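Working notes, structure below.
The values are calculated or read from the model by the stated rules, or taken from the named source; none is laboratory data. Please read all numbers here as calculations on a predicted model, not as lab measurements. Reconstructed Cβ throughout: ideal geometry from the backbone, glycine too, with neighbour counts over all protein chains shown. These accessible areas exclude ligands, DNA and RNA; they are computed on the full protein's heavy atoms, side chains included. Shrake-Rupley method; radii C 1.70, N 1.55, O 1.52, S 1.80 Å.
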Amino acid sequence: MTVNSVKKVKSLNGTIRVPGDKSISHRAVMFGAIAEGTTTVEGFLPGEDCLSTIACFQKLGVNIEQDGERVTIEGKGWEGLEEPSDILDVGNSGTTTRLMLGILATRPFHSVVIGDDSIAKRPMARVTNPLRKMGAEIDGRNEGNFTPLSIRGGQTKGITYQSKVASAQVKSCLLLAGLQSEGTTSVTEPALSRDHTERMLEAYGVTVTREGLTVSVEGGQALKAQHIVVPGDVSSAAFFLVAGAIVPNSEITLQGVGLNPTRSGIIDVLKLMGASLKLTNETMVGGEPIADVTIKTSELHGIEISGDLIPRLIDEIPVIAVLASQANGTTIIKDAEELKVKETNRIDTVVSELTKLGVSIQATEDGMIINGGALLKGATVNSYGDHRIGMAMAIAGLIAEGDVTIERSDAIAVSYPSFFEHISLLEEK
Ligand code: S3P
């Protein structure tokens, strides 16, 4: 087991460029694999999750070369995908699992999808049920809810689907299947989830129609190869935005951070809590807005985080809990049941691990209540194999009296392999 200890720092100062966006990196590879022609990707996140996506599509017969943040994908169109002679291992990645199932649903061959212990517990019925309605044959434990999953794709029919959850993975899976299905596929969600699929499909030459919370595609659409520039991941930036706000005497600039409005809830929360934050160099890359974000040590106050804001910051809640522990007053997080089906049950893991560090925090049915003003103390905590729990604990460690020792810290490489390096770059020496 890999263990990392984090010590209190005097201040954090400087400029860093966070790694490429995980959601966009996955999509750039997958869409490149089904597109016609050679796609090149710049700013790719070489984290374990995105490497799992590359490995799966290589097993589907696509030539993909990756060298750090550069990837070249030799797409041969939908028909170019081949039946894999080996299992498709998604590792820890829910995005790989659910989006790839949408692609496999329309391919006339058999494949088996497996992942790690965490993936084996995550609900897949949210995609396998609608994909079956479209005509794909899928089997797996718990009636196709859990991996390993076996899928035989073929000619599918478009579907009009009302999703119970605001999930970009569900929406993207069905839209991808819809591209090779008969007729129209429409997905309606209860609140807007991240829209990288819609934006990037358009960049790859696909027509996507949006009306309110409904997104539709027509079947029979091909993708054309692209050059994709991946913005910095706001979900990775979030750890340093929180660090900059809570570590004394700090000022951090994060360059080229993706600020797609469906992902930028953390910026809203920081502002609502009173953080001193500034955006500069605002521009667009690859159809996505980016900016440099500067944050300074701030006086913070508790707030309520709920409703449509939740899907815009769902992955940031572990580190928002750390932020809230340093605010004046109480922060209430509601409407966030989806936290229970992430890499871990993040209501449980955030509450148990922050309690060990001395935070007064209570789990609720759909979120948590965090009392501010905590004096954090060192302790041994566990990531439970969840990258974002590991990083949230490390950020807490930067202000704790005594070492914060993080067990299973290797999980951090799933989305941010250079995380500890970036902490030392900013630390006062
Ligand atoms: C993702 C969507 C979100 C998010 C995950 C990445 C994506 O999951 O939590 O980290 O890339 O589409 P859900 O679709 O399950 O909400």
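Maximal additional length on extending the residue 401-residue 332 stretch stands at 22.3 nm, based on 0.36 nm per residue less the C-alpha distance. Shape descriptor for the chain: Rg over Rh equals 0.97 (Cα atoms; Rh from the Kirkwood inverse mean 1/r). When the accessible area of the chain is split by element with a 1.4 Å probe, what percent falls to carbon and sulfur? That share works out to 48 percent. Among rounded, prolate and oblate, which fits the stretch 276-429 when a ≥ b ≥ c are the square roots of the eigenvalues of its C-alpha gyration tensor, a/c under 1.5 means rounded, and a/b larger than b/c means prolate? Rounded, because the longest to shortest axis ratio a/c is under 1.5.
Farthest toward the positive end of the dipole of the chain, out of 402, 252, 217, is the Cα of 402, where the dipole comes from beta carbon charges about the Cα centre. Simple rule: put +1 on each Lys or Arg Cβ and -1 on each Asp or Glu Cβ in the stretch 22-229, find the dipole, and look at 165, 138, 99; the Cα lying farthest toward the positive end is 165. Which entries of 121/171; 22/121; 171/278; 22/171; 164/340 show an alpha-carbon separation above 23 angstrom in the structure shown? Violating the 23 Å Cα-Cα cut-off are 171/278. Relative to the dominant Cα principal axis of the chain, helix 387-397 is inclined by about 10°. With Cβ to Cβ distances under 10 Å as the rule, what net charge do the other residues near residue 277 carry (K, R +1; D, E -1)? My count for the surroundings of residue 277 gives +3. Where a ≥ b ≥ c are the square roots of the eigenvalues of the C-alpha gyration tensor, would you call the stretch 22-229 rounded, which needs a/c under 1.5, or, failing that, prolate if a/b is larger than b/c, or oblate? It comes out rounded by the Cα gyration axes.
Model label points for residue 278 and residue 424, set 7 angstrom from Cα along the Cα-to-Cβ axis, are 3.0 nm apart.
Taking all protein chains into account, the per residue accessible area for the chain stands at 36 Å² (1.4 Å probe).
Under the criterion of Cα pairs below 8 Å and six or more residues apart, the relative contact order for the chain equals 18 percent. In terms of packing, defined here as the mean over residues of other Cβ atoms within 10 angstrom, the peptides 156-167, 202-213, 123-134 line up highest first as 123-134, 156-167, 202-213. Of all DSSP-defined beta bridges confined to the stretch 22-229, some 70% are antiparallel rather than parallel.
Taking every DSSP bridge with both residues inside the chain, close to 70 percent are antiparallel.
Annotation: aspartates and glutamates with alpha-carbon distance below 18 angstrom to residue 377 (same-chain offsets under eight excluded): 353, 401, 403, 407. The order of the peptides 140-153, 411-424, 238-251 by mean Cβ neighbours within 10 Å, most packed first, is 238-251, 411-424, 140-153. Under the convention that each Lys and Arg Cβ holds +1 and each Asp and Glu Cβ holds -1, the size of the dipole of the chain around its Cα centre is about 440 debye. The angle separating the long axis of helix 48-59 from the principal Cα axis of greatest extent in the chain is about 10 degrees. Each part gets one Cα centre, and for the stretch 379-429 versus the stretch 102-172 those centres are 34 Å apart.
Take every pair of alpha-carbon atoms less than 8 Å apart whose residues are at least six positions apart; their mean separation over the length of the stretch 196-305 yields a relative contact order of 27 percent. Relative contact order (percent) for the stretch 268-405, with alpha-carbon contacts under 8 angstrom and 6 or more residues of separation? Once normalised by length, the contact order is 20 percent.
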